[in-house]
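The values are calculated or read from the model by the stated rules, or taken from the named source; none is laboratory data. All values reported here derive from a predicted model rather than from experimental measurement. Using ideal geometry, Cβ is built from the backbone for each residue, glycine included, and neighbour counts are taken over all protein chains shown. Heads up: the accessible areas ignore ligands, DNA and RNA and are worked out on the full protein's heavy atoms, side chains in. Shrake-Rupley method; radii C 1.70, N 1.55, O 1.52, S 1.80 Å.
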Amino acid sequence: MSITVAAFYQFTSLPDYRALREPLRVICAARELKGSVLLASEGINGTLAGSAADIDALVAELQRGALFAGRLNNLEVKFSNSSKMPFQRLRVRLKKEIVTLGDANADPTRQVGTYVAPRDWNALMASPDTLLLDTRNGFEVAMGTFEGAVDPGLASFGDFKDFVAQKLDPSRHRRIAMFCTGGIRCEKASSLLLARGFAEVYHLKGGILKYLEEVPKQHSRWRGECFVFDERVALGHGLAQRSEEPSLD
């Protein structure tokens, strides 16, 4: 039986996020979904796995159900498949941030960089004077990245603000293009750069996963595999698991 995996997030005001935790857990448990969901006052971030029907029902509940009352109608969702359940249990947790950066100036509910669709990403990377930044942690970068990308050498995403302060300069780095696994870290990172005076800030819409899903392997500038935070470990082009990497033949 194939398992459907949904990775989703949205930055939106959820002042009642503490009260949302148990009702959301009950909804997920009733559909036998496993994985993790983070709730914070700034939004929601999660990856859940289950049958295709139960995942579809959960996404519909998030986007249109009574629990969130229309506050997640711009939910960013990416679907992939797994040959077996990639999670051991269900967790719904409360956090200060749905992706931890630790800088109050980074507020994606107020401003973010310019989204770039996967089909337009190659052209942006190839354009002159573009600084291409991989905003993921060092061990993720080691598994795969885009040609020509700068690795900031992050032990954790919270280190990104220090990298910006020490290595980047708005007067020299006029155009910055960033990417991460699913897009969420770039929302925070782009908001931070704009707050610090960088003029042109772009980020890959839907992240690496959406690029691997939509851009044919023969046109791809991705090299290696994309680390994912579940038991599949990494995905390749077409969001295939390691043992299922499609051939061009």
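Can you figure out the FRET efficiency of ASP129 with ASN81, using R₀ = 51 Å and their beta-carbon distance, to the nearest 0.05? Plugging the Cβ-Cβ distance into 1/(1 + (r/R0)^6) gives 0.85.
Given R0 = 30 Å, the distance between the Cβ atoms of ARG110 and ARG174 translates into a calculated FRET efficiency of 0.85. Mean residue ellipticity, 222 nm, helices only, the chain: the sum of -39500 (n - 2.57) across DSSP H runs of n ≥ 4, divided by residue count and rounded to 500, is -8500 deg cm²/dmol. Across the range 110-249, the mean sequence separation of Cα contacts (distance under 8 Å, 6 or more residues apart), normalised by length, yields a relative contact order of 29 percent. Measuring with a 1.4 angstrom probe and ignoring ligands and nucleic acids, ASP159 comes out at about 60 Å² accessible. Using 0.36 nm per residue and subtracting the Cα-Cα separation, the extra length available between ARG31 and SER51 on full extension is 6.3 nm. In the range 51-123, taking the dipole from charged Cβ atoms about the Cα centre, the farthest positive-side position among ALA104, SER51, VAL92 is held by VAL92.
For the chain, with all protein chains in place and a probe radius of 1.4 Å, 48% of the accessible heavy-atom surface sits on carbon or sulfur. Evaluating 6.51 cos²θ - 1.76 cosθ + 1.60 at θ = phi - 60° for every residue in the range 125-139, the Karplus couplings come out as 4, 7, 6, x, 6, 9, 8, 9, 10, 8, 8, 8, 6, x, 5 Hz, glycine and proline recorded as x. Across the range 152-201, Cα-Cα distances exceeding 13 Å account for 56% of all pairs.
Here the Karplus curve 6.51 cos²θ - 1.76 cosθ + 1.60, taken at θ = phi - 60°, turns the phi angles of the range 222-231 into couplings of 7, 10, x, 10, 9, 5, 10, 8, 8, 6 Hz, with x standing for Gly and Pro. Stretching the chain fully between LYS217 and GLU22 yields a gain of 66.0 nm (0.36 nm per residue, less the alpha carbon separation).
Working from label points 7 Å from Cα in the Cα-to-Cβ sense, the LYS167 to ASN74 distance is 3.0 nm. Mean sequence separation of contacting Cα pairs (under 8 Å, at least six apart), scaled by the length of the chain, corresponds to a relative contact order of 19 percent. Put a dot 7 Å past the Cα of GLU200, heading toward its Cβ, do the same for ALA234, and the two dots end up 3.3 nm apart. Here the extension length gained between ARG91 and GLU147 equals 16.6 nm, from 0.36 nm per residue of separation less the Cα-Cα distance.
Probing with 1.4 Å while keeping every protein chain in the model, the per residue accessible area of the range 27-167 equals 47 Å². Each Lys and Arg Cβ is given +1 and each Asp and Glu Cβ -1; about its Cα centre, the chain then shows a dipole of about 480 debye.
With one equal scatterer per alpha carbon and no solvent term, the Debye-computed log10 I(q)/I(0) for the chain at 0.08, 0.09 1/Å reads -0.30, -0.39.
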